Amino acid sequence: MDVVPFLHDDRFFLNISTCSKLCVTCRCVAVTNVRTTDGSTQRRVILLTWQILAFILGLFLIAAVITILALLHSCCSSPSYDYPESLISSMDGDDLPSNLPLTPVNTTFSDSLTNISGLPINNLRFVTRNEWGAQPPTEPLGKLKHPVPYVIISHTATEFCDTQSTCTFRIRFTQVFHMESRNWSDIAYNFLIGGDAYAYIGRGWDHVGAHAYGYNSRSIGISFIGTYNTVAPSDHQMNALQQLIEIGVKSGKIAADYKLLGHRQVSKTPSPGDALYNIITTWPHWSPTP
């Protein structure tokens, strides 16, 4: 087959005439000048198979895909535009996904050091916005006029959580969903209660929420993290709700004769779920009508 070894290497080459006969199957590439054993210089071509060409092409394709994915990751975050709170319709959160990766945050707690009328406030753990890694509101929030006459209970309609790290993840993602997808100023609720029975501060006692259309400026909205259609909250969670409301009453944020309502009573939604709703209807301040 007229094979001539390269003088300084173990590689072999075919001369041009021979390669031209074989290139239908081998696809010769790369013409070069080489020195042969008799000292003469001849033009030779390197023989490459389809497998080598496919391997090289595959490397280029992989590099291109990695580059495209990196560009998409860096430039495709959606902007946040905020609508007036007065235009916010009722929400239930049923379309809230729950598969984002968890980013570590500060896991310390913030406890009140003062008891109110003998109530052991230290038994209710508050987790501040800084502690759960909240984003700042996109615009100044409206102020509530105290004391408010309503407490409205909802659920987030997401998966449950039973540790601070898991609850923190749920709340952070809920805030992102409300701000980026709903185009709201902040997370909708004034407070959230997790399966760990801690009270997570949303908009807090002093700012108008976005949890119940028509009642936002007259209520404190408290949402249970999870979906309570058939599963009831634990006794610890219900105790946390009771203490949180009592703190609001004693501190003048909630009227002493407040009405306790389920989200479904003021909006077209199954929230807070049958199991949770059936519990609050047995409480003294629950009202069948707003």
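The values are calculated or read from the model by the stated rules, or taken from the named source; none is laboratory data. None of the values given here were measured: they were computed from a predicted structure. Note: ideal-geometry Cβ built from the backbone for every residue, glycine included; neighbour counts use all protein chains shown. Note: areas computed on protein heavy atoms with side chains; ligands, DNA, RNA excluded. Shrake-Rupley method; radii C 1.70, N 1.55, O 1.52, S 1.80 Å.
Laid out as a table, the results:
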{"item": "In Å, descending, principal axis extents of the Cα set of the stretch 224-273", "result": "33, 26, 14"}
{"item": "Theoretical FRET efficiency, 1/(1+(r/R0)^6), r = Cβ-Cβ of THR128 and PHE60, R0 35 Å, to 0.05", "result": "0.10"}
{"item": "Interchain or long-range residues, amide H under 5 Å from TRP286's placed H", "result": "LEU260"}
{"item": "Rg/Rg_globular for the stretch 141-290, with Rg_globular taken as 2.2 N^0.38 Å and Rg from C-alpha atoms", "result": "0.94"}
{"item": "From phi via Karplus (6.51, -1.76, 1.60), per-residue ³J(HN,Hα) for the stretch 276-290 in Hz, x at Gly/Pro", "result": "6, 4, 5, 6, 5, 5, 8, 7, x, 8, 5, 10, x, 9, x"}
{"item": "FRET efficiency, 1/(1 + (r/R0)^6) with R0 35 Å, evaluated for SER251 and ASP162 via beta carbons", "result": "0.75"}
{"item": "Counted charge near ALA255, where neighbours are those whose Cβ lies closer than 14 Å (Asp, Glu -1; Lys, Arg +1)", "result": "+3"}
{"item": "Sequence of TRP286, TRP205 from largest to smallest accessible area, 1.4 Å probe", "result": "TRP286, TRP205"}
{"item": "Neighbourhood net charge (12 Å Cβ-Cβ; Lys/Arg +1, Asp/Glu -1) for LEU192", "result": "+3"}
{"item": "Contact order relative to length of the stretch 193-260, as percent, for alpha carbon pairs under 8 angstrom and 6 or more apart", "result": "39 percent"}
{"item": "Per-selection Rg to Rh, the stretch 202-290 - Cα, Kirkwood hydrodynamic radius", "result": "0.92"}
{"item": "Paramagnetic reach from THR138 in the stretch 179-210 [backbone N under 12 Å; point 7 Å along Cα→Cβ]", "result": "179-187"}
